[in-house]
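First the structure, in the form of structure tokens, and then the observations on it.
The values are calculated or read from the model by the stated rules, or taken from the named source; none is laboratory data. Just so it is clear, the model here is predicted, and its values are computed rather than measured. Every residue, glycine as well, gets a Cβ built from its backbone with ideal geometry; the counts of neighbours run over all protein chains shown. Just so you know, the surface numbers come from the protein's heavy atoms only, side chains and all, with ligands and any DNA or RNA stripped out. Shrake-Rupley method; radii C 1.70, N 1.55, O 1.52, S 1.80 Å.
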Amino acid sequence: AVDNRAGVRQALTHLAQTCGRRRIAFIKGPPGNDEAQERFQVYKEAVADLRLANEADLVVDGDFFETSGARAIETLLDDRRLGFDALMCASDLMAIGAMRALAERKVAVPQKVAVVGFDDIQAAAWCLPALTTVAQPSRAVGTAAAELLLQRLGSGPRGGAPLRRILPTTLVRRDSA
């Protein structure tokens, strides 16, 4: 697994302290997904710690896919008519969908709304503006999973091999924040 806690906190700290943003909306991942829930929990903690706007209406449900990012912008701007100066998304695909929806409404990224995603998928570097994101070490996650499985198999059914390893994330700063 990756260190969701450190990744989300680093992204929110960047938005608040480096970019000077105070009203940071959040697009959650799907209910029942442990990583999505952890990322949202850290968002709530960081909002309190950083003394940011703490409003339930700034949080929108998502599903990790691009269309839910666009729908979230519709909810925040068209339905709720909320002002916010930054957006943290639990996935890059949602962030890309949100940036598309912001552009359709002529909301400039990052001038009016800074946007940060999570994953560092290949498209994050190529969208316009290029997406600031939290990078997961995907290759290292796969390697660690294989190593843990082999260790577990080698230690027998009740062996003492660890079942989980947490790998670090990195904030990748690009043009969107």
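Being in a helix (DSSP H, G or I) and among the hydrophobic types (A, V, I, L, M, F, W, C) narrows it down to one residue among LEU77, LEU82; which is it? Break it down into steps so the answer makes sense when it comes.
Values: LEU82 fails: in a helix (DSSP H, G or I).
Exactly one of LEU77, LEU82 is in a helix (DSSP H, G or I) and among the hydrophobic types (A, V, I, L, M, F, W, C), namely LEU77.
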Notebook entry, point to check: So, in segment 110-125, of the ones that are within 13 Å of GLY97 (Cα to Cα) and of a type in the set (A, V, I, L, M), which residue ends up most open to solvent (accessible area, probe 1.4 Å)?
Noted result: ALA123
Next item on the list: Write out, first by first residue and then by second, each pair whose Cβ atoms fall under 8 Å of each other, whose residues are 6+ apart or on separate chains, and whose first residue, in segment 45-65, is over 12 Å from ARG9 (Cβ atoms) and assigned to a helix (DSSP H, G or I) while the second is open to solvent by 60 Å² or more (accessible area, probe 1.4 Å) and at pLDDT 95 or above.
Entry: ASP57/ARG80; LEU58/ARG23
Next item on the list: Tell me which residues, restricted to segment 85-108, are on the phi < 0 side of the Ramachandran plot and open to solvent by 20 Å² or more (accessible area, probe 1.4 Å).
Entry: ASP85, LEU93, ILE96, ARG100, ALA103, GLU104, ARG105, VAL107, ALA108
Check: Pairs, please: C-beta under 7 Å, at least 6 apart or cross-chain, first residue of a type in the set (A, V, I, L, M) and in segment 150-177, second modelled with pLDDT under 70 and assigned to a loop (DSSP other than H, G, I, E, B)?
Finding: ALA161/SER155
Checklist line | Single residue of segment 95-117 satisfying the filter (touching an Asp or Glu at 6+ places or on another chain (Cβ under 7 Å) and assigned to a helix (DSSP H, G or I)) that is farthest from GLU66 (Cα to Cα) | finding: ALA101
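Could we say that ALA36 is open to solvent by less than 30 Å² (accessible area, probe 1.4 Å) and not in a helix (DSSP H, G or I) here?
On the way: open to solvent by less than 30 Å² (accessible area, probe 1.4 Å): yes; not in a helix (DSSP H, G or I): no.
In short, no.
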